[in-house]
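A.B. asks: One structure, as C-alpha cells, below. Some questions next.
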Amino acid sequence: MGSKMSSRAKRGQSEIISSLLLITSAVALGSVVFFWGLSFAGDTQSSLGGAIFEENSKVGEHFRIETVYFDTTDLLDLKLKVYVRNYGINSLNISGVFINNVIQPSIPSTLIGGRGTTNPTAPLDFDFTFVSGETYIIKVSTQRGNTFESHYRSPDFP
C-alpha cells in the first residue's frame with residue numbers, strides 16, 4: 001500500500017510540475033509578443049508623428065513673389081532679382097527658382113524667417129538673359145514642396 005501511495009504522489013507532483021512549466025512557457029511567450037507589439041506600435045507612432053509634423057509644417061508655409069526686378073543697367077550682363085515674402089508662421093527654405101518650367105542653376109538655398117521676424121522678405125539674385133518685352137512664368141519652390149508662380153513681363157529695352 002505504501003508503494004501505491006508513493007506512485008500516486010509522484011504522478012500528482014509530475015502533473016503539477018508539467019502544468020507549472022506549461023503556464024510559465026505561455027506567460028513567457030505572451031510577454032515576448034506583448035513587448036514586440038509595444039516596440040512595433042512605438043515605431044509606427046513615431047514615424048506617423050514625423051509625417052504629421054512635416055505636413056503641419058508644410059501647411060504653415062505661406063509665401064509669394066513680391067516683385068521681380070529685371071535689371072537692364074548693363075545690356076551685356078542682364079540680371080534678374082526675385083523678391084520673395086514669407087507671410088506664414090514657419091520659416092521657409094527656398095530650394096529652386098524655375099523660369100518657364102526650367103530650373104535656374106546656381107540659386108543658393110535661402111532661408112526666410114516666418115511671421116514676427118525682422119525681415120520676412122529675401123531677394124534671390126541670378127544671371128538670366130531675358131528678351132525685351134517677353135512674358136515669363138516664374139515659379140519659386142521650397143524644400144517642403146510648396147510653390148508659388150506667376151507671370152512677369154520684362155521691360156522693353158533697345
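A.B. asks: Ranked from highest to lowest mean number of other Cβ atoms within 10 Å per residue, what is the order of the peptides 63-71, 21-29, 86-94?
C.D. replies: In descending order of packing, they fall as 86-94, 63-71, 21-29.
A.B. asks: Here's another thing I want to ask about it. Largest first and to the nearest Å, give the Cα extent of the range 61-153 along each principal axis.
C.D. replies: Taking the Cα atoms of the range 61-153, the three principal extents are 39, 25, 21 Å.
A.B. asks: Now a separate question. What length, rounded to one decimal in nm, is gained on full extension from residue 87 through to residue 129, with 0.36 nm per residue of separation minus their alpha-carbon distance?
C.D. replies: Length gained, residue 87 through residue 129: 12.1 nm.
A.B. asks: Oh, and also: Could you order peptides 132-142, 118-128 by the average number of other Cβ atoms within 10 Å of their residues, highest first?
C.D. replies: 132-142, 118-128
A.B. asks: While we're on this one: Please list, in chain and number order, the residues 5+ apart from residue 63 or on another chain whose amide H is under 5 Å from its amide H, with Hs placed from the backbone.
C.D. replies: 87
A.B. asks: Which of 149, 15 comes first, and how do the rest follow, when ranked by fewest Cβ neighbours within 10 Å?
C.D. replies: 15, 149
The numbers here are math on the coordinates, done by the rules we state, and not lab data. It should be emphasised that the depicted structure is a prediction, and the values quoted were computed from it without experimental measurement. Cβ: placed from backbone, ideal geometry, glycine included. Neighbour counts: every protein chain shown.
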